[in-house]
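To start, the structure itself, in structure tokens.
The values are calculated or read from the model by the stated rules, or taken from the named source; none is laboratory data. Note that the structure is predicted; figures quoted are calculated from it, not measured. We place every Cβ from the backbone using ideal geometry, glycine too, and count neighbours over all the protein chains shown.
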Amino acid sequence: MTTTDDRLGAAPEPTGPVSRIDYSERIPNNVDLAGDRKLQRALERWQPKFIDWWKSLGPQVPTKEVYLRTAVAIDRDGWAVYDFVPMEEYRWGIFLAETDPDREITFGQHKGEKAWTEVPGEYRAELQRLIVVQGDTEPASVEQQRQLGATAPSLYDMRNLFQINVEEGRHLWAMVYLLQAFFGREGREEAEELLRRNSGDYDNPRILGAFNEDTTDWLNFFMFTYFTDRDGKYQLGTLKESGFDPLARTCEFMLKEEAHHMFVGTTGIQRVVDRTAELMKEHGTDDILQHGGIPFAIIQKYLNQQFSVSMDLFGSELSSNAAAYYTAGLKGRWQERRRKDDHQLQDQTREMTKVENGELVTETVPLLNALNLDLRDEYVADCENGIRRWNQALEDAGLPHRLTLPHEGFNRQVGVYADSKVSPDGEVLTQEQWDAKVHEWLPSEQDMADVRSLMRPVYEPGEFAGWIAPPAQGINKLGVEFDYVRFWQEDN
Ligand SMILES: [Fe+2]
Ligand SMILES: [Fe+2]
């Protein structure tokens, strides 16, 4: 069954049979943790370290309670409840999508075999690595966003930020569960490392580049949730196909939560564009910073930046690792089951664009080696949907401005474009040409300072900062004016 389109809003409806989560346990779960004392003890030892991490590197604005969604069941109707929760008391837990005892591996050399419920010895190292890399991104984004609450444009937005933060924390739990349950002592050590590495830490950074950049302001945050959380969606989508069943089921449930994160990005950028369009019309100028809005050109630059950084997260276009993961049945393609081919891809090819002698050329490459590119193409097509939607608002406002996705080779640090300079419209440039124009394409220090100058907190229920339009509706059918975040001062 197709679920609600995440690009349009609400969390997708859960599918499959009901599986209640046990909230009487210290660690809520639907994996019968109580039946495995050793694992339960290991996770209970990790829990206080997680809480310490949350307190020191999680959201830094002190709040009394936040109106948050908590998963309660992995079932068809109503998988979550909404309520006020003090954030450090959020019930992080271990939730896997329902098991399908007949599940088969659908791709690679083990195609048609029963999915694995234990880690196959021959793939242990590869699986552990995949889980660690995915797990590392989850707490990283919380660290990157920890100061943002201090400049929230409304309580509604602050609540959405914190919802994303607690769920990314839960995704860390999801990966730590897999490491501790299936990878023994090494898995337990990796679980510790996931809290020891920190975003932007000079000596001990997060594994992937995009997760060491600061989330500088709310425009950046909305771009991050649109473009970088969407990379996460596609990575989880490939792991959801994994022959290792516990990983597949874990990722399936994470995807349900992820949908809201992208909703925040899509609608956040939409609201910024709406407000910018309104101010441009009202004042008859593009120069709306003086009127408290974010200039259109700056929105495009932020978009260029976050899109290109997120493209790097897919890795090199040609990757023998990706081929090996696929053949082994560890990591599939996006919507593997819907692909109409042999799901082994041994002799198939595809086209790949790269730069040669200062020009873009296309060459034919083995599909199996180009699976990162295959996934990235799916991602780019998805990203285009938001662009269309935001441009519709500009068109409706009667303005000529249009947002565009930059060329795939623009501003890349990873893969076939890493050594080239490519303009947003796909022109290969010399270093000098690039240097002369880069300030038109990527946010300058001044642009970021300009955006920062608008980032003043608005904590009155129902009020919004002047650079962003209010949302069309509130959370869980509540009004936009609801007090989604409560502070301690309110009691005094
Ligand atoms: Fe996540
Ligand atoms: Fe996310």
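Miscellaneous remarks
- ASP203 vs. criteria among the acidic types (Asp, Glu), away from ligand 2 (no atom under 16 Å from the Cβ), surrounded by fewer than 24 Cβ atoms within 10 Å (Cβ to Cβ) and free of Cβ contacts under 8 Å to residues at least 40 places away in the same chain: yes
- Note on the stretch 294-315: residues that are β-branched (Val, Ile, Thr) and either outside any helix (DSSP H, G or I) or under 15 Å from ARG376 (Cβ atoms) (or both) amount to 2.
- In the stretch 132-191, the residues that are of a type in the set (Lys, Arg) and in a helix (DSSP H, G or I): ARG159, ARG170, ARG185, ARG188
- In the stretch 122-141, of all residues being of a type in the set (A, V, I, L, M) and within 16 Å of ligand 2 (Cβ to nearest atom), the one that is nearest to PHE224 (Cα to Cα) corresponds to ALA140.
- Only listed residue being of a type outside the set (Ser, Thr, Tyr) and within 16 Å of ligand 1 (Cβ to nearest atom), chosen from VAL272, VAL166: VAL166
- Exactly one residue out of LEU330, LEU368, LEU375 is modelled with pLDDT of 95 or more, touching a strand residue (DSSP E or B) at 6+ places or on another chain (Cβ under 8 Å), within 30 Å of GLU118 (Cβ to Cβ) and not aromatic (Phe, Trp, Tyr), and it is LEU330.
- Tally, over the stretch 174-200, of residues that are within 16 Å of ligand 2 (Cβ to nearest atom) and of a type in the set (Ser, Thr, Tyr): 1
- Failed item in (1) within 26 Å of PHE222 (Cα to Cα); (2) touching a Leu at 6+ places or on another chain (Cβ under 6 Å), with LEU345 passing the rest: (1)
- Failed item, numbered, when LEU318 is tested on (1) over 27 Å from the mean Cα position of the chain (by Cα); (2) in a loop (DSSP other than H, G, I, E, B); (3) touching a residue at least 40 places away in the same chain (Cβ under 8 Å): (1)
- Residues satisfying the stated conditions in the stretch 238-253, i.e. assigned to a loop (DSSP other than H, G, I, E, B) and of a type outside the set (Lys, Arg): GLU241, SER242, GLY243
- Options THR117, THR151; residue that is surrounded by fewer than 16 Cβ atoms within 10 Å (Cβ to Cβ) and either away from ligand 1 (no atom under 16 Å from the Cβ) or modelled with pLDDT under 95 (or both): THR117
- Residues that are over 20 Å from GLN147 (Cα atoms) and away from ligand 2 (no atom under 12 Å from the Cβ), drawn from the stretch 157-173: TRP173
- Complete set of residues in the stretch 321-356 that are surrounded by fewer than 18 Cβ atoms within 10 Å (Cβ to Cβ) and within 20 Å of the chain's Cα centre (by Cα): GLN335
- Residues that are away from ligand 2 (no atom under 13 Å from the Cβ), closer than 21 Å to VAL142 by Cα and surrounded by fewer than 24 Cβ atoms within 10 Å (Cβ to Cβ), drawn from the stretch 220-251: ASN220
Results for (1) closer than 21 Å to ALA125 by Cα; (2) modelled with pLDDT of 95 or more; (3) assigned to a helix (DSSP H, G or I); (4) within 13 Å of ligand 1 (Cβ to nearest atom), shown as yes or no for each residue.
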residue	(1), (2), (3), (4)
THR216	no, no, no, no
ASN220	no, yes, yes, no
LEU236	yes, yes, yes, yes
LEU255	no, no, yes, yes
THR267	no, yes, yes, no
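- Selected residue (criterion: farthest from the chain's Cα centre (by Cα)) from residues of the stretch 167-222 that are within 17 Å of TRP54 (Cα to Cα) and of a type in the set (Lys, Arg): ARG196
- Extreme residue, nearest to ligand 1 (Cβ to nearest atom), among residues of the stretch 192-214 that are part of a helix (DSSP H, G or I) and closer than 27 Å to MET448 by Cα: PHE211
- With respect to being outside any helix (DSSP H, G or I), among the aliphatic types (A, V, I, L, M) and surrounded by 15 or more Cβ atoms within 10 Å (Cβ to Cβ), LEU371 falls outside the description.
- Of the residues making up the stretch 394-440, those that are assigned to a helix (DSSP H, G or I) and surrounded by fewer than 19 Cβ atoms within 10 Å (Cβ to Cβ) are GLU395, ASP396, GLN431, GLU432, GLN433, TRP434, ASP435, ALA436, LYS437, VAL438, HIS439, GLU440.
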